[in-house]
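I have placed the structure first, in the form of structure tokens, so that the comments after it can refer back to it.
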Amino acid sequence: EAQVTQNPRYLITVTGKKLTVTCSQNMNHEYMSWYRQDPGLGLRQIYYSMNVEVTDKGDVPEGYKVSRKEKRNFPLILESPSPNQTSLYFCASSANRVGYTFGSGTRLTVV
Amino acid sequence: DQQVKQNSPSLSVQEGRISILNCDYTNSMFDYFLWYKKYPAEGPTFLISISSIKDKNEDGRFTVFLNKSAKHLSLHIVPSQPGDSAVYFCAADTQGGSEKLVFGKGTKLTVNP
């Protein structure tokens, strides 16, 4: 089944403790992206990647890092999480930006 | 500044009637537009898209209209069904260059039986 898999689905962590949210797609898509969803703010792009080793900032990249060493994986790294990064995170992939396929989301709480 | 605006946070319609969801954009460089549907506890799913070279695109019960001069697009759902109840996001993109899909804040549609 074609899908984007994010892990974990839920995560509670403490301020400053580094964490990684993994994202993997099995559709051989070139484009991958991370979004966060917050009440009243909709979906905002954090980082995106157009191919292996090609990444760029979205609208809200502060406090996040990404890497694209392999085509299928696009992990989101929070080096020092803070409470304002408490959010619902979505990873997405696309072959040609027509119809992104989204993962099921990761709900992160930073206390 | 908000480049893609969905000014109605919510919309309620009766089953069988038409649902019209609206979206406005400010960036003249946008030339590709998409609608996504999102159920609670799930990721958004792609619904329908339209290129700026068209003014209408239809897929079953879903039709998207684009008015470039007004920088406005709308999604029509006819007839509306209770299973259509979800949050609908409008998104916009530009041809070539970076992959920066910009989303609106979403409109929660409730279709009442």
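Among the residues of the range B:47-60, those identified as surrounded by 15 or more Cβ atoms within 10 Å (Cβ to Cβ) and touching a Phe, Trp or Tyr at 6+ places or on another chain (Cβ under 6 Å) are B:Leu47, B:Ile48, B:Ile50.
In the set (1) surrounded by 21 or more Cβ atoms within 10 Å (Cβ to Cβ); (2) more than 10 Å from the chain's Cα centre (by Cα), B:Gly106 fails one condition alone, (2).
Of all the listed residues (B:Ile48, B:Ile53), the sole one being of a type in the set (Val, Ile, Thr) and touching a strand residue (DSSP E or B) at 6+ places or on another chain (Cβ under 6 Å) is B:Ile48. Whenever a residue of the range A:42-58 is at the interface with chain B (Cβ under 7 Å from one of its Cβ atoms) and buried (at least 22 other Cβ atoms within 10 Å of the Cβ), its partners that are in a strand (DSSP E or B) and acidic (Asp, Glu), lying with C-beta atoms within less than 9 angstrom and at least six residues away or across chains, give the pairs A:Tyr48/A:Asp56.
Give the residue that is surrounded by the fewest Cβ atoms within 10 Å (Cβ to Cβ), with candidates limited to residues of the range A:2-23 that are under 14 Å from A:Phe102 (Cα atoms) and within 14 Å of another protein chain (Cβ to nearest Cβ). Full working, then the answer.
Step one: filter the range A:2-23 for residues under 14 Å from A:Phe102 (Cα atoms), giving A:2-7, A:9, A:22-23.
Within this subset, residues satisfying the condition of being within 14 Å of another protein chain (Cβ to nearest Cβ) are A:2-7, A:9, A:23.
On the way: A:Ala2: 10, A:Gln3: 15, A:Val4: 24, A:Thr5: 14, A:Gln6: 25, A:Asn7: 14, A:Arg9: 12, A:Cys23: 25.
Ranking the candidates gives A:Ala2 first.
Can you tell which of B:Phe46, B:Phe89, B:Phe65 is assigned to a strand (DSSP E or B) and touching a Pro at 6+ places or on another chain (Cβ under 7 Å)? Full working, then the answer.
On the way: B:Phe46 fails: touching a Pro at 6+ places or on another chain (Cβ under 7 Å); B:Phe65 fails: touching a Pro at 6+ places or on another chain (Cβ under 7 Å).
On inspection, the qualifying residue turns out to be B:Phe89.
Taking the conditions (1) more than 10 Å from the chain's Cα centre (by Cα); (2) more than 22 Å from B:Tyr39 (Cβ to Cβ) in turn, A:Thr20 satisfies each one other than (1).
Are any of the residues in the range A:81-95 in a loop (DSSP other than H, G, I, E, B) and within 13 Å of another protein chain (Cβ to nearest Cβ)?
Keep residues of the range A:81-95 that are in a loop (DSSP other than H, G, I, E, B), which gives A:81-82, A:86, A:95.
Filter again for within 13 Å of another protein chain (Cβ to nearest Cβ), leaving A:95.
Taking every residue of the range A:81-95 in turn, at least one turns out to be in a loop (DSSP other than H, G, I, E, B) and within 13 Å of another protein chain (Cβ to nearest Cβ).
Residue count for the range B:64-113 satisfying the condition of being in contact (Cβ under 8 Å) with a residue 24 or more places away in the chain and within 12 Å of chain A (Cβ to nearest Cβ): 17.
Of all residues in the range A:89-109, those that are surrounded by fewer than 19 Cβ atoms within 10 Å (Cβ to Cβ) have Cβ atoms under 9 Å from Cβ atoms of residues that are acidic (Asp, Glu), 6 or more apart or on another chain, in A:Ala95/A:Glu30; A:Asn96/A:Glu30; A:Ser104/B:Glu42.
Here is a yes/no grid of residues against (1) within 11 Å of chain A (Cβ to nearest Cβ); (2) surrounded by fewer than 19 Cβ atoms within 10 Å (Cβ to Cβ); (3) in contact with a Cys (Cβ under 8 Å, 6 or more places away or on another chain):
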| position | (1), (2), (3) |
| --- | --- |
| B:Ser19 | no, no, no |
| B:Met29 | no, yes, no |
| B:Tyr32 | yes, yes, no |
| B:Phe62 | no, yes, no |
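Throughout, read-outs are computed from the coordinates displayed, never taken from laboratory work. Source: prediction; values computed, not measured. Here the Cβ is made from the backbone with ideal geometry for all residues, glycine too, and neighbour counts use every protein chain on show.
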